[in-house]
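Let me begin by presenting the structure, written as structure tokens, before commenting on it.
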Amino acid sequence: SSSWAFRERLEGYGSPDWLWEVQLHGRFLKPTGKTIWLRGELRDSPMQLGLVSRALCRGILKFARMMAQRRGGDICYAFGDEAHKNPSISLPVMLLDRIFVADQSHPLPVGDPEEPKGTWRLVDGKWVPIERSSVTFDTETYVTVVLATSYIDWTNWQLSSIPGLGTLSLETFWGEQGAWIALCEMEPDESVKAYFLEANLEPVKGSSSPRQSTVYNEDEAERAQEEIVVAGEEQSKAVGQPSSEEEEEVTRKRTAYDSSDIDEEDLSEWVPTERDWLRPPTE
């Protein structure tokens, strides 16, 4: 079967395996505020939440907040109930696992999947580890931020591997509308001051066969919400802050790849001509 470009960057990395990776690279054309945010937003219509789905959503957000707080930060979110506010979730870019900075532009991808967390600067053609606190967003520095997760499966349009939940269709929360992912600067009231980059993700009907979501009643939803928090707390205790020696001892196992999971021919048609090198190689 055909192999996707850079497939080796996902298989066997992450806990569980990363489902996708996106690298955003560039520099700012004008001075910005100190904090740059990564924001997910719905713009077509409000979230479609009943009592059950709202309870599930709150549980997932508690898990996300717990993960962010483990990294020394926090998230902000809105259900879109307030007037003139879209449903959204935002976190500081500085909380992302991998950030690369350089004085000039450079080819992508960057980084070694064997080093899933850290901050690096390009010095004499080599990536040198640096402190995260030294990163600045200005008009002279090229910054590459790496997005990768085990919990959002865009191909099948579902949440995946959420403690206490497992798999859950994104349509449970917002129907068939797409999601906007953006880099932005925000006001103190959490409204957006300026968008720097944005992309719209839409479900591709017929290109895949997502697994059925778990069906919950209201009592089960409340229990699932508690399980998410408990599982997150246990994961936090289990992970802790390992030393560099402990991190080196971690054994990574590769997950078998099943090409039947993705209709490669259909998805390949969505690759723009200027990105033709991303298409699977022909045999």
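For the range 26-133, which whole percent of the accessible surface, found with a 1.4 angstrom probe, sits on carbon and sulfur atoms?
Ligands and nucleic acids excluded, carbon and sulfur give 54 percent.
Using only the Cα atoms of the range 58-132, build the gyration tensor, take square roots of its eigenvalues as a ≥ b ≥ c, and label the shape rounded, prolate or oblate: rounded if a/c is under 1.5, else prolate if a/b is larger than b/c, else oblate.
prolate
When the Debye formula is applied to the Cα atoms of the range 95-157, each taken as the same point scatterer, what base-10 log of I(q)/I(0) results at q = 0.11, 0.23, 0.25, 0.27 Å⁻¹?
Summing over Cα pairs of the range 95-157 leads to -0.28, -1.00, -1.14, -1.29.
Pop out the Kirkwood hydrodynamic radius of the range 1-158 from its pairwise C-alpha distances, inverse of mean 1/r, in Å to one decimal.
So the Kirkwood estimate lands at 17.8 Å.
Calculate the dipole size of the range 84-183 relative to its Cα centre from +1 charges on Lys and Arg beta carbons and -1 charges on Asp and Glu beta carbons; express the result in debye to the nearest 20.
200 debye
Please calculate how many Å² of accessible area the range 1-160 carries per residue, with a 1.4 Å probe and no DNA, RNA or ligand atoms counted.
51 Å²
Evaluated at 10 °C with a viscosity of 1.306 mPa s, what Stokes-Einstein diffusion coefficient in µm²/s does the range 1-94 have when Rh comes from the Kirkwood expression over alpha-carbon pairs?
96 µm²/s
Just subtract the alpha-carbon distance of Val192 and Glu8 from 0.36 nm times their residue separation and send over the number in nm, one decimal.
This chain segment gains 62.6 nm when fully extended.
How high is the FRET efficiency from Asn200 to Lys85, r the C-beta distance, R0 22 Å, rounded to 0.05?
Once the sixth-power term is evaluated, E becomes 0.70.
The values are calculated or read from the model by the stated rules, or taken from the named source; none is laboratory data. Computed from a predicted structure; not experimentally measured. Because the Cβ atoms are built from the backbone with ideal geometry, glycine has one as well, and the counts that use them run over all protein chains shown. All accessible areas refer to the heavy atoms of the entire protein, side chains included, with ligands and DNA or RNA removed. Shrake-Rupley method; radii C 1.70, N 1.55, O 1.52, S 1.80 Å.
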